1. Can you give the charge dipole size of region 36-151 about its Cα centre, rounded to the nearest 20 debye, using +1 on the beta carbon of Lys and Arg and -1 on the beta carbon of Asp and Glu?
2. Pairs LYS38/LYS275; LYS38/LYS199; LYS199/LYS249; LYS6/LYS38; LYS173/LYS275; LYS23/LYS227: which exceed 30 Å Cα-Cα?
3. Picking from THR139, VAL99, GLN222, whose Cα lies most toward the positive end of the charge dipole for the chain (charges on Cβ: Lys, Arg +1; Asp, Glu -1)?
4. What net charge do the residues around SER166 carry, taking every other residue with its C-beta under 14 Å from that of SER166, with Lys and Arg at +1 and Asp and Glu at -1?
5. If you place +1 on the Cβ of every Lys and Arg, -1 on the Cβ of every Asp and Glu, and leave all else neutral, what size is the dipole of the chain about its Cα centre, to the nearest 20 Debye?
6. What FRET efficiency would be calculated for the residue pair GLU82, VAL195, taking the C-beta separation as r and a Förster radius of 30 Å, to the nearest 0.05?
7. How many angstrom lie between the C-alpha centres of region 165-212 and region 19-63?
8. At a Förster distance of 22 Å, what's the computed FRET efficiency of HIS253 paired with SER20, Cβ-Cβ distance as r, to 0.05?
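Where a number appears in this text, it was derived from the coordinates with a stated rule and is not lab data. All values derive from a computational prediction rather than experimental measurement. Don't worry about glycine lacking a Cβ; one is built from the backbone with ideal geometry, like all the others, and counts go over all protein chains shown.
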Amino acid sequence: MRHILKSQDFDRDRIQSLFSLAKQYKTQGCTNNPMSGKIMCSLFYEPSTRTRLSFESAHLKLGGSVMGTDNAGEFSSAIKGESLEDSIRVISAYSDVIVLRHTENNAAERAASVSHCSIVNAGNGTGQHPTQSLLDLYTIQDKLSEINGIKIAMVGDLKYGRTVRSLAYLLGKYENITINFVAHPDMQISDDILVYLEKHNVTYNLLNNLHDVIDVVDVIYQTRSQKERHDADLSNHYSLKLTPNLVEKMQDHAIIMHPLPRNDEIPLEIDCSHKAAYFEQAANGLWVRMALLAQII
Ligand code: NCD
């Protein structure tokens, strides 16, 4: 039984075999129904559009069946006081894989410690979102042909966003990576990530202005303000919006990514730029999640 709990657990060989399978699904589809007779349960304690539906679509395309609940905090026995562990003990007896999104940072590990089936972390609190980072990395490789040597700017709410954390962990596996963390000082990336990057020889810069790197990066990874996770009103801290002028200054081959949903940090007029890769990125989620499911069950 294999779980997907955090990005660090993937090595480069595993990532490349995952990406080959994802590419195969993207270009040739899947005809042999490897998930026939298998049940995926999607258990979401936090809202989701792309993650839940792409996982469900992925499992259906692989010939499997899907059950589950969104708003699990209210629609499951959690509202009656049942612990996550008890819920997982029971649900894992009915399922072959549980795709879990939860409010708490250690929820996926807690679930895996008692589960009878594979657990996939679909985002836990401000911790990690490993499957998002895999589809992000797949998109970088697909669009730029190479991951080694890239310069990326991760922009926005880096303290409360989990996708940037997982992507930083994955990039730490590659060579000559430069990560520019561009954020208001109160929303800057946490020290644990910086310690990890130092250990893996990743060059990083902490910045609060996108102008400083706009013309040198290969990827702008924009994120929204995680308002629902802020204790205080930090709305004045979020001023790192892309503009058509900034996009003009980017290198021609460079791409703009965003895990979505977006608010106004990427204005709609940027959608028609050839640099806008965020909808393709979201679409890639299907193929990467098909490959993930096919490899763990
Ligand atoms: C992200 C998440 O849930 O962390 N969304 C997603 O899964 N694509 C990003 C976000 O909510 O801002």
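1. Here the size comes out at about 240 debye.
2. Check vs 30 Å cut-off fails for LYS38/LYS275; LYS38/LYS199; LYS199/LYS249; LYS23/LYS227.
3. It is VAL99, whose Cα lies furthest towards the positive end.
4. So the surrounding residues net to +2.
5. Taking the Cα centre of the chain as origin, the dipole is about 780 debye.
6. For R0 = 30 Å, the calculated efficiency reads 0.25.
7. Cα centroid to Cα centroid, the span is 31 Å.
8. Computed FRET efficiency for HIS253 and SER20: 0.40.
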